[in-house]
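The values are calculated or read from the model by the stated rules, or taken from the named source; none is laboratory data. None of the values given here were measured: they were computed from a predicted structure. Don't worry about glycine lacking a Cβ; one is built from the backbone with ideal geometry, like all the others, and counts go over all protein chains shown.
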Amino acid sequence: MEDPICSRECLRVPSLAEILALVAALLFAVAATLQQKGALALGISPDSLRSFAKLVASKWWLVGTIALLVGYAVQAIALDHGRLAIIQPLLVTTVVFALPLGYFLTTQQVGRREIIGAGLVVIGLALYAIFGDPAGGNENAPNDEWAIALVIVGIVCGVLYAAARRSDGARQAAYYGVVSGILFGVSACLVKPTLEMLHDGGVDSVLSHWEFYGMAIAGIVAFVLQQVSLSAGYLATSVATVSVSNPIVSIAIGVLLFDERLSRPAWHVVVAVCGLALAMLGAVAISVARERSNGKASEPALAASP
């Protein structure tokens, strides 16, 4: 006989925060596609940060940046109403949205492997959202715990950045994408305490705490490195690495620093974790398939640019 409690919980309607997270993911995919189109049209080199000043001359890049900023705002609202451990993983759908956008806007081919990978992402995230349902947790963590976390993040990002400088092609795009995703994850985690301070004490309270400045710095550096990754010409690789590393960092911080937990029965937790792993596998599969099928992804993208 069917358990009515399980049936009711498993078939729950997505929350407003979850819907907003999906909207943010779509906006991030639009932003990444348009920003790449603009960068490739101007021949921006991934090895020269100074050349990014030229990007303001591209209408595609500017429109993509507007979409990105709107995506940030929608993500912030979602985080204000939901938990890191559920909102951030849903952003993995960015790589799914990026596939058709890349096909139509930069003529990047979408094959069977990419479609299968996208299906894995959707199924995995559906399982995670249905069975995970994180609860509990705090809005912030003690400064000493934050200090330890930020030191670890800094070391990891430094090593990956150095590896990116020694690489090229899709591998370079992937390294930069991972660093960008990690920093986006840190920035998202700092959004929650910043919004809480805004609710409690207003702008003065926000400006008097380090969390706001940490959020801004991490977000800006992540943004710049994402442009470097996109300018290499491998859209799916860039988006997949950002979309995978972002929620991994966010979940780790949410669990270890904010005490968020998957508050379901044990078998629900197992299904949720397996679903999340399946979604990550799908995103990686898309990245690998794109690298194999587009040895030089920048050529079709440049051809499609005005």
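State whether the residues of the stretch 122-133 include one that is surrounded by 13 or more Cβ atoms within 10 Å (Cβ to Cβ) and not in a helix (DSSP H, G or I). Yes - at least one qualifying residue is present in the stretch 122-133.
Condition check ((1) within 19 Å of Y213 (Cβ to Cβ); (2) among the small types (G, A, S); (3) not in a helix (DSSP H, G or I)) across all residues:
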residue: N138; (1), (2), (3): no, no, yes
residue: I148; (1), (2), (3): yes, no, no
residue: G154; (1), (2), (3): yes, yes, no
residue: S167; (1), (2), (3): no, yes, yes
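Of the helices (runs of 4 or more DSSP H) entirely within the stretch 192-306, those holding at least 1 residues that are modelled with pLDDT under 90, surrounded by fewer than 24 Cβ atoms within 10 Å (Cβ to Cβ) and over 23 Å from the mean Cα position of the chain (by Cα) occupy 266-293, 298-304. Against the numbered list (1) of a type in the set (D, E, K, R); (2) part of a helix (DSSP H, G or I); (3) more than 17 Å from V239 (Cβ to Cβ), R171 comes up short only at (3). Yes or no: the stretch 104-121 includes at least one residue that is within 19 Å of the chain's Cα centre (by Cα), of a type in the set (D, E, K, R) and part of a helix (DSSP H, G or I). The answer is yes; a qualifying residue exists.
This table checks each residue for (1) among the β-branched types (V, I, T); (2) out of contact with any Phe, Trp or Tyr (no Cβ under 9 Å at 6 or more places or on another chain).
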residue: W210; (1), (2): no, no
residue: S231; (1), (2): no, no
residue: E260; (1), (2): no, yes
residue: A266; (1), (2): no, yes
residue: V269; (1), (2): yes, no
residue: M280; (1), (2): no, yes
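Considering the stretch 51-94, and only residues there that are surrounded by fewer than 23 Cβ atoms within 10 Å (Cβ to Cβ) and under 12 Å from the mean Cα position of the chain (by Cα), the residue that is nearest to A32 (Cα to Cα) turns out to be L68. I need the full set of residues from the stretch 135-163 which are more than 18 Å from the chain's Cα centre (by Cα), closer than 23 Å to A216 by Cβ and among the hydrophobic types (A, V, I, L, M, F, W, C), in order please. Within the stretch 135-163, A141, W146, A147, I148, A149, L150, V151, I152, I155 qualify. Answer yes if at least one residue in the stretch 139-147 is of a type in the set (A, V, I, L, M) and at pLDDT below 90, and no otherwise. Yes: one or more hits.
Of the residues making up the stretch 1-50, those that are at pLDDT 65 or above, of a type in the set (G, A, S) and either assigned to a helix (DSSP H, G or I) or surrounded by 18 or more Cβ atoms within 10 Å (Cβ to Cβ) (or both) are A17, A21, A24, A25, A29, A31, A32, G38, A39, A41.
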